[in-house]
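Structure, as structure tokens:
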Amino acid sequence: MNTSTDNQKKLMVRGALLLAMAICFQGIRLIVPLPPMVGMFLIGSLVNMTLIVAVKYAGMMPALLMSCLLPIIAFFQGQLAIPIVVPVVALGNIVLVLCCQLFWHKKLLWLMPLFKTAVLYVGTFLILKCFVIPVPVAAMILLVMSWPQVITAIIGLILARQLIKKLSLGE
């Protein structure tokens, strides 16, 4: 029996399950009426947690795939206001995943929320400058892509580290 193939299948299944969990987390807003900021902090933290667990539990490829698919799904669920920010959110997720892979056992890991937020804020700012978006809408989008992202990434990281410890997956 080929253990390499079995291991790849196991990682694919884990990745698929984590993707399904993240999609369910994103769908909470569709079922439970939450105030917008509460929903953003709760769902954002859970999605970040899922991406981080995916890096450690399913590997880089599933985590990167999730990083790109989740903003597309969020857009179709009505959770991203305009489609032009989908690639920016995907890039922010990719930064989160890469930082977790590179810095997991280093003190630099705690800078990951700042890196992700910087990518989201600067990327959104640059994209919004290229399009005619009403100022109040642009301001709200930039607000969402700023300090709340630091908080959801920190909470997601704390939750993921605790979950990984409980599952004995790599600490």
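The values are calculated or read from the model by the stated rules, or taken from the named source; none is laboratory data. Predicted model only: the values in this text are computed from it and were never measured. Note: ideal-geometry Cβ built from the backbone for every residue, glycine included; neighbour counts use all protein chains shown.
Some notes on this structure:
- Boolean, ALA153 is under 22 Å from LEU46 (Cα atoms), over 12 Å from the mean Cα position of the chain (by Cα) and surrounded by 15 or more Cβ atoms within 10 Å (Cβ to Cβ): no
- For GLY59, the conditions (1) over 18 Å from LEU163 (Cβ atoms); (2) surrounded by 16 or more Cβ atoms within 10 Å (Cβ to Cβ) all hold with the exception of (1).
- Selection within segment 129-169 - outside any helix (DSSP H, G or I) and modelled with pLDDT under 95: PHE131, VAL132, ILE133, PRO134, SER168, LEU169
- When the residues of segment 37-49 are filtered to those that are without any contact (Cβ under 8 Å) to a residue 40 or more places away in the chain and surrounded by 17 or more Cβ atoms within 10 Å (Cβ to Cβ), the one that is farthest from the chain's Cα centre (by Cα) is LEU42.
- Within this structure, LEU91 fails the test of being in contact (Cβ under 8 Å) with a residue 12 or more places away in the chain and more than 27 Å from PRO134 (Cα to Cα).
- Wholly within segment 1-110, helices (runs of 4 or more DSSP H) carrying at least 3 residues that are more than 17 Å from MET145 (Cβ to Cβ) and in contact with a helix residue (DSSP H, G or I) (Cβ under 8 Å, 6 or more places away or on another chain): 3-26, 36-57, 60-76, 86-103
- For ALA54, the conditions (1) modelled with pLDDT under 95; (2) farther than 25 Å from VAL137 by Cβ all hold with the exception of (1).
- Taken over segment 1-36, residues that are over 18 Å from VAL55 (Cα atoms) and free of Cβ contacts under 8 Å to residues at least 24 places away in the same chain amount to 14.
- The set of residues in segment 61-77 that are touching a Lys or Arg at 6+ places or on another chain (Cβ under 8 Å) and farther than 14 Å from PHE25 by Cα contains only PRO62.
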